[in-house]
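**Student:** I have a structure I would like to understand better, so I am pasting it below and will then ask my questions one at a time.
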Amino acid sequence: MSKYSEDQLTERIILMLKKKLIKQYSKGNTKRDAHAKCIGLLKAYFIVDKNLPDEYKVGIFNEYKTYPAIIRVSNSNPKIKSDKYKDFRGFSIKVLNVNGNKCTKDEKYTQDFLFINNEIMPIGTLKLFHDVIYYTTKLNPIMLGAKFLFNGNFKAIINSLKNMKHETSPLNVKYYSTTPYMFGDKKVKYALIPKSVYKSTLPRKFTPNYLTYNMQQHLKANEAVFDFMIQIQTNDKEMPINDASVKWDEKKAPFIKLGQIKIPAQVFRTKQRYDLAEILSFSPGHSLLDHRPIGDINIARIKIYKEMSKFRHNRNKKDLFEPNEYYFNSFD
């Protein structure tokens, strides 16, 4: 048992991340503490399927409807690095015009869904998450490896390295929430399954921004499509809530399609898009109560993401910003 409570671990993580950003960035140029590099900011549509069975008509899926959405695609590294390095890729969806009671009050009309291109979060508990930040910011990664080896958690590091990869394009890969959420009275995880007709290929040589280039080539004249899926927990022991490093067995809990993400052809490599990407905030807490985040890591993420967003915006002298459909329609 850790000597720190969940709340204390969360506060320590926030403090360490703030100190890291102060050391890493000057005022006015502070980036995110993770997923710092934006590969692209995309206009999209979140489409709820027609004729869903009543048991799936929950929250945002209550009726057949098309919502405008904004998607920030990113590399997960806390530093802005070349695409030639293997990494996890982030896919953060902000659905607009969503009415209803929310988990947090900082955004009133949005529903965020956060994904990475990996089925699990290798550092899957709040305590391990804290330890990774502690050893990589206050000490060094070698000591982290030694501690994890001593504690029997070295497999988490190996899994992280093994699962990082080069992708052909962010529009051609599967994404997973890795952490659980409520779905009415059920507990679920989310996934996105690519369904685009257009397929990208790996370049002969990995360039610093090849992922952005491939994504723009895709969207010059072709839409991108993902199926939005949920996986319902069927066994609370084999499918734990507080350990995101455990994959939920798809044979026992198959994914179920509830909608689609459609990304129309567009030119996204503009200054307006990248400027907006810097001031947007994403959080598991930007959610309807029907889809509220659960589990130690998610509860901590709500507070961490909120505090770190405020800190970043204050250092950059920018106001917190909630986009709406008017802004969505003004995209160049």
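**Student:** Describe numerically, in nm with one decimal, the distance between label points set 7 Å from Cα along Cα→Cβ at Glu322 and at Asp54.
**Tutor:** So the label points at Glu322 and Asp54 sit 3.3 nm apart.
**Student:** If you don't mind, there's one more thing I want to ask. What's the magnitude of the charge dipole for the chain around its Cα centre, counting Lys and Arg as +1 and Asp and Glu as -1 at the beta-carbon? Answer in Debye, nearest 20.
**Tutor:** Values: 57 positive and 33 negative charges, 300 e Å.
That gives the chain a dipole magnitude of about 1440 debye.
**Student:** Determine the share of the chain's accessible area contributed by carbon and sulfur atoms, expressed in whole percent, with a 1.4 angstrom probe. If you can, show how the numbers build up before the last one.
**Tutor:** Values: 8420 of 16100 Å².
Carbon and sulfur together cover 52 percent of it.
**Student:** Which Cα, out of Gly259, Asn242, Ile230, lies furthest along the positive dipole direction of the range 230-288 (beta carbon charges, K/R +1, D/E -1)?
**Tutor:** Gly259
**Student:** Can you give the extra length, in nm with one decimal, that the chain gains between Lys108 and Ala265 once fully stretched, where that is 0.36 nm per residue apart less the Cα-Cα distance?
**Tutor:** 53.6 nm
**Student:** Using +1 at the C-beta of Lys and Arg and -1 at the C-beta of Asp and Glu, which of Phe91, Leu202, Val48 has the Cα lying farthest in the positive direction of the dipole of the chain?
**Tutor:** Checking the options against the dipole of the chain, the answer is Leu202.
**Student:** Long-range amide H contacts for Asn75: which residues qualify at under 5 Å (H placed 1.01 Å from N, peptide plane, sequence gap of 5 or more or a different chain)?
**Tutor:** Correct list: Lys37, Ile39, Gly90.
**Student:** What is the gain in length, in nm to one decimal, between Tyr85 and His166 on full extension, counting 0.36 nm per residue of separation less the C-alpha to C-alpha distance?
**Tutor:** Separation in residues times 0.36 nm, less the Cα-Cα distance, equals 28.4 nm.
**Student:** For the chain, what does the relative contact order come out to in percent, with C-alpha contacts under 8 Å and a separation of six or more? Walk me through the intermediate numbers first.
**Tutor:** Numbers: 658 pairs, mean separation 80.2, N = 332.
RCO, the chain: 24 percent.
**Student:** About its Cα centre, how strong a charge dipole does the range 1-89 have in debye, to the nearest 20, once Lys and Arg get +1 and Asp and Glu get -1 at the Cβ?
**Tutor:** The calculation lands at about 900 debye.
**Student:** Which entries in the list Lys31/Lys105; Lys3/Lys102; Lys81/Lys187 go over 30 Å, if you measure between the two C-alpha atoms of each? Present the calculation step by step, with values, prior to reporting the outcome.
**Tutor:** Working: Lys31/Lys105 23 Å; Lys3/Lys102 33 Å; Lys81/Lys187 36 Å.
The pairs that break the limit, which is 30 Å between Cα atoms, are Lys3/Lys102; Lys81/Lys187.
**Student:** Oh, and also: Please give the contour-minus-distance gain from Asp185 to Lys205: 0.36 nm per residue of separation, less the Cα-Cα distance, rounded to one decimal in nm.
**Tutor:** Going from the current span to full extension adds 2.3 nm.
**Student:** Quick one: 3J(HN,Hα) in Hz for the range 191-200, Karplus 6.51/-1.76/1.60 with θ = phi - 60°, rounded, Gly and Pro as x.
**Tutor:** Calculated HN-Hα couplings, in order: 8, 10, 10, x, 10, 5, 6, 6, 10, 8 Hz.
**Student:** A further question on this structure: Using a cut-off of 10 Å between beta-carbons, work out the net charge of the residues near Gly28 (Lys and Arg +1, Asp and Glu -1, Gly28 not included).
**Tutor:** After counting each charged neighbour, the total is +4.
**Student:** Would you work out if the range 1-85 is rounded, prolate or oblate? Take a ≥ b ≥ c from the square roots of the eigenvalues of the alpha-carbon gyration tensor; rounded if a/c is under 1.5, else prolate when a/b is larger than b/c, oblate otherwise.
**Tutor:** Oblate, because a/c is 1.5 or more while a/b does not exceed b/c.
**Student:** With a 1.4 Å probe and all protein chains left in place, how much accessible area per residue does the range 194-332 have, in Å²?
**Tutor:** Dividing the accessible area of the range 194-332 by its residue count gives 52 Å².
**Student:** Moving to a separate point now. What are the GluC sites (Glu not before Pro) within the range 1-87 that DSSP puts in a loop, where the Cβ has at most 13 other Cβ atoms within 10 Å?
**Tutor:** Here the GluC sites (Glu not before Pro) that fit, given the DSSP loop and packing criteria, are Glu63.
**Student:** Take each complete run of DSSP H in the chain, measure how far its Cα atoms stretch along the helix's own axis, and keep only those covering 30 Å or more with mean Kyte-Doolittle hydropathy at least 0.5; list them.
**Tutor:** In the chain, no H run is both long and hydrophobic enough.
**Student:** Please give the calculated 222 nm ellipticity per residue for the chain, where each DSSP H segment of at least 4 residues contributes -39500 (n - 2.57) and the sum is spread over every residue; nearest 500 deg cm²/dmol?
**Tutor:** Values: 8 runs with 96 residues, N = 332.
Mean residue ellipticity, 222 nm, calculated: -9000 deg cm²/dmol.
The values are calculated or read from the model by the stated rules, or taken from the named source; none is laboratory data. As the structure is a prediction and not an experimental result, all values here were calculated from the model. Cβ atoms come from the backbone with ideal geometry, glycine included; neighbour counts cover every protein chain shown. Ligands, DNA and RNA are excluded from the accessible area calculation, which covers all protein heavy atoms including side chains. Shrake-Rupley method; radii C 1.70, N 1.55, O 1.52, S 1.80 Å.
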